[in-house]
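Read through the structure below, which is laid out as structure tokens, and then see the notes.
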Amino acid sequence: VLVIDPASGKILALANFPNFNPNSYQDYDLAIFQNEATLSLFEPGSIFKPMTMASALEEGKITPQTIYFDQGCLKISGYDICNYEKRTYPGELTMTNVLEKSINTGAVFAQKQLSNSSFLKYLEKFGFFKKSGVDLNETYSQNQELKKGYEINFATAAFGQGVELTLMQLARAYSALANGGKLITPHLADDFPPKDSERVISLKTASQVTSMMVSVVENGFSK
């Protein structure tokens, strides 16, 4: 669990489970002493979709109301990309609906409105190819496989597969969505030296994505 103030980057709570008994620490595997929030890489999956939407919105390639017609599956470079359980969603769908129903193929549609280099640029701006700067020991991935430029890799990255990051990096990126578009530096220490925040997306884009995510909670699977 990671709770962070998106405006300042102050970490308010950070907890890992399972934990260990410090009186008998020898009984535990070394991996349990690792801070999962900063030292464990994972593929985020669908929680990555708002970053894809934010990138396409910022470039003016889509709006929250842009229409998409879902076919259930796409074929890219000989690979089938399908929605969860190969579901198909009939009728006109907006980009907001794509987030509400967590439609993989809709996320690919949004990503394909961008050039691959532009998509990579935004992932870099969101901080996914470098350390978050938090005042804790941390790891990161440069996602070299994604940077090789294969079409299939960009498509799967649109919905968070084939890209790896830490929870801290993800929280930092989500903070930019929540605070009006600025990338903060997360920190635990109260006397952490202030650092200038970098604008990743405009206030308008951040507001649009935030509204879309509220709609996910009110109208989508997350309700």
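Observations on the model:
- Each residue in region 111-121 was checked for being open to solvent by less than 10 Å² (accessible area, probe 1.4 Å) and touching a residue at least 60 places away in the same chain (Cβ under 8 Å), and 1 of them qualify.
- Taking the criterion of being of a type outside the set (A, V, I, L, M, F, W, C) and either more than 11 Å from Val216 (Cα to Cα) or part of a helix (DSSP H, G or I) (or both), the residues of region 85-101 that qualify are Glu85, Lys86, Arg87, Thr88, Tyr89, Pro90, Gly91, Glu92, Thr94, Thr96, Asn97, Glu100.
- In region 122-137, residue surrounded by the fewest Cβ atoms within 10 Å (Cβ to Cβ) [restricted to those that are of a type outside the set (A, V, I, L, M, F, W, C) and out of contact with any Phe, Trp or Tyr (no Cβ under 7 Å at 6 or more places or on another chain)]: Asn137
- Candidate set from region 138-153 (those that are of a type outside the set (D, E, K, R) and touching a Leu at 6+ places or on another chain (Cβ under 7 Å)); member that is surrounded by the most Cβ atoms within 10 Å (Cβ to Cβ): Asn153
- Candidates Phe221, Phe192: the one that is under 22 Å from Ser46 (Cβ atoms), assigned to a loop (DSSP other than H, G, I, E, B) and modelled with pLDDT under 95 is Phe221.
- Assessment of region 170-181 against the conditions (at positive phi and open to solvent by less than 60 Å² (accessible area, probe 1.4 Å)) yields at least one matching residue.
- Pro6 under 30 Å from Asn137 (Cβ atoms), assigned to a loop (DSSP other than H, G, I, E, B) and open to solvent by less than 80 Å² (accessible area, probe 1.4 Å): yes
- Residue in region 49-83 that is surrounded by the fewest Cβ atoms within 10 Å (Cβ to Cβ), counting only those that are polar (S, T, N, Q) and within 20 Å of the chain's Cα centre (by Cα): Thr63
The values are calculated or read from the model by the stated rules, or taken from the named source; none is laboratory data. Just so you know, these numbers come straight off a predicted model, no measurement behind them. Glycine gets a Cβ as well: all are built from the backbone with ideal geometry, and neighbour counts include every protein chain shown. Calculation scope for accessible area: heavy atoms of the full protein, side chains included, ligands and nucleic acids excluded. Shrake-Rupley method; radii C 1.70, N 1.55, O 1.52, S 1.80 Å.
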